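The values are calculated or read from the model by the stated rules, or taken from the named source; none is laboratory data. None of these values were measured; they are calculated from a predicted model. Virtual Cβ from ideal backbone geometry, glycine too; neighbours counted across all protein chains shown.
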Amino acid sequence: MKFPQFQYVKPRSLDEALALLAAANGTATPIAGGQSLLAGLSMRIATPASLVDLGAIAELKGIAFADDAQSLRIGAMTRHADMLASPLVRQHVPLLHEAVQLVGHVAIRNRGTLGGSLAYADPAAELPACAVALGATLTLVGLGGQRSVEAADFFRGFLETALEPGELIVDVRFPVAAAGQLSAILEFSRRTGDFAQAGLAVVARAAQGTLDTPRFVYFGCVDRARLATRVNGVLAGAGFPVKKPAGLAAAVDADIEPSDSPGCRADTKAKWAQVLTGRVIDLLNQRAVA
């Protein structure tokens with residue numbers, strides 16, 4: 001298939017990019033790594049009048065501690081490969097380091113970006129689920145100013161986010177792992193590098209021999225990245241080693257609300273999610289005593 005016709009522009013600053021998006025009045029699409037957008041263009045799912053390439057904007061890149069030193073600031077145009085190679089990410093946001101290894105293949109990680117993944121909001125992607133599980137905060141900027149949005153409020157539905165027309169993600173702030181924090185991510189996919197058919201990202205705290213404030217977030221088998229409130233409620237306060245309490249399977253079903261999709265029935269998704277839940281609990285038990 002062939003791309004539709006479009007104008008291509010590559011601004012050198014954030015202000016220039018915002019001005020171009022505003023002038024286009026909704027007919028321009030920003031492009032980050034392009035790993036999802038280019039496929040949409042080739043299939044004529046996306047037909048923008050112009051593409052605004054963010055690749056040359058240096059202020060949208062980089063990994064460093066935020067001013068408060070309590071969170072790690074990662075620029076929206078930071079590539080997956082850079083996050084994977086970062087000692088700061090590996091040490092202070094270990095869930096993110098673990099998750100990036102599951103993202104696509106090497107070629108995808110070399111081009112794909114953090115902001116692009118979050119803005120596209122594919123429910124099968126790992127990074128949106130991790131952002132919600134970690135309690136990350138996204139900085140959004142438009143011509144009207146800057147605002148901060150919690151990751152749990154950013155994802156609104158299937159491929160739907162809180163981004164307003166003309167807004168861009170500037171950076172994402174991930175809280176650094178505190179003492180006693182546990183995290184894990186597991187997924188099922190048909191082949192290594194494929195999108196997850198079911199996945200689970202978890203952050204919790206081991207406090208006085210119990211599982212404190214668990215944040216389970218499913219992906220691949222849901223419509224968007226969101227906290228699994230029922231599962232979190234069932235497991236909160238469980239003593240180590242954490243068992244699988246009565247009602248856990250029902251809580252998983254209620255949180256993911258599975259529905260049939262081409263090639264995968266709802267009951268299959270529910271079974272996968274339940275199996276992953278058990279495996280993640282086992283993994284948390286192991287890491288709690290490591």
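Here is a yes/no grid of residues against (1) modelled with pLDDT of 95 or more; (2) over 22 Å from A152 (Cα atoms):
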site	(1), (2)
L211	yes, no
F216	yes, no
F219	yes, no
V234	yes, no
K244	no, yes
V252	yes, no
S261	no, yes
G278	yes, yes
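Between L60, L95, which is under 25 Å from E164 (Cβ atoms) and surrounded by 19 or more Cβ atoms within 10 Å (Cβ to Cβ)? Break it down stepwise before answering.
Working: L95 fails: under 25 Å from E164 (Cβ atoms).
Step by step, each of L60, L95 is checked, and only L60 is under 25 Å from E164 (Cβ atoms) and surrounded by 19 or more Cβ atoms within 10 Å (Cβ to Cβ).
Kindly provide the set of residues from region 194-219 that are among the aliphatic types (A, V, I, L, M) and not in a strand (DSSP E or B), ordered by number. Write out each step before concluding.
Narrowing region 194-219 to residues among the aliphatic types (A, V, I, L, M): 196, 198, 200-204, 206-207, 211, 217.
The answer is A196, and nothing else.
If you take the residues in region 205-223 that are touching a residue at least 40 places away in the same chain (Cβ under 8 Å) and among the charged types (D, E, K, R), which one is farthest from F195 (Cα to Cα)?
Here the residue is R215.
Within region 238-249, which residues are surrounded by 13 or more Cβ atoms within 10 Å (Cβ to Cβ) and out of contact with any helix residue (DSSP H, G or I) (no Cβ under 7 Å at 6 or more places or on another chain)?
A238
Please identify the pairs in which a residue from region 251-265 that is within 22 Å of F216 (Cα to Cα) and not assigned by TED's automatic domain parsing to the domain that holds R215 has its Cβ atom under 6 Å from the Cβ atom of a residue that is of a type in the set (S, T, Y) and in a loop (DSSP other than H, G, I, E, B), counting only partners at least 6 apart or on another chain.
The qualifying pairs do not exist here.
Considering only residues that are over 21 Å from L21 (Cβ atoms), more than 13 Å from the chain's Cα centre (by Cα) and not aliphatic (A, V, I, L, M), look in region 142-177 and name the one that is surrounded by the most Cβ atoms within 10 Å (Cβ to Cβ).
Step by step, filter region 142-177, then rank; the result is P175.
What do you reckon, is A99 modelled with pLDDT of 95 or more and either assigned to a loop (DSSP other than H, G, I, E, B) or on the phi > 0 side of the Ramachandran plot (or both)?
Details: modelled with pLDDT of 95 or more: yes; either assigned to a loop (DSSP other than H, G, I, E, B) or on the phi > 0 side of the Ramachandran plot (or both): no.
In short, no.
Which of the residues that make up region 60-96 are at pLDDT below 95 and either touching a helix residue (DSSP H, G or I) at 6+ places or on another chain (Cβ under 7 Å) or not assigned by TED's automatic domain parsing to the domain that holds I169 (or both)?
The answer is none; no residue qualifies.
Mind listing just one residue for me: the one in region 114-156 that is β-branched (V, I, T) and not in a helix (DSSP H, G or I) and, of those, farthest from G75 (Cα to Cα)? Break it down into steps so the answer makes sense when it comes.
Here is the first cut: in region 114-156, the ones β-branched (V, I, T) are 132, 137, 139, 141, 149.
This time we only want the ones that are not in a helix (DSSP H, G or I), so: 137, 139, 141, 149.
Working: T137: 12, T139: 10, V141: 13, V149: 15 Å.
So, considering only residues that are β-branched (V, I, T) and not in a helix (DSSP H, G or I), the one farthest from G75 (Cα to Cα) is V149.
Show the residue pairs meeting these rules: Cβ distance below 9 Å; 6+ apart or different chains; first residue within region 64-90 and of a type in the set (K, R); second residue in a loop (DSSP other than H, G, I, E, B).
R73/G62; R73/A66; R73/D67; R79/G33; R79/K61; R79/G112
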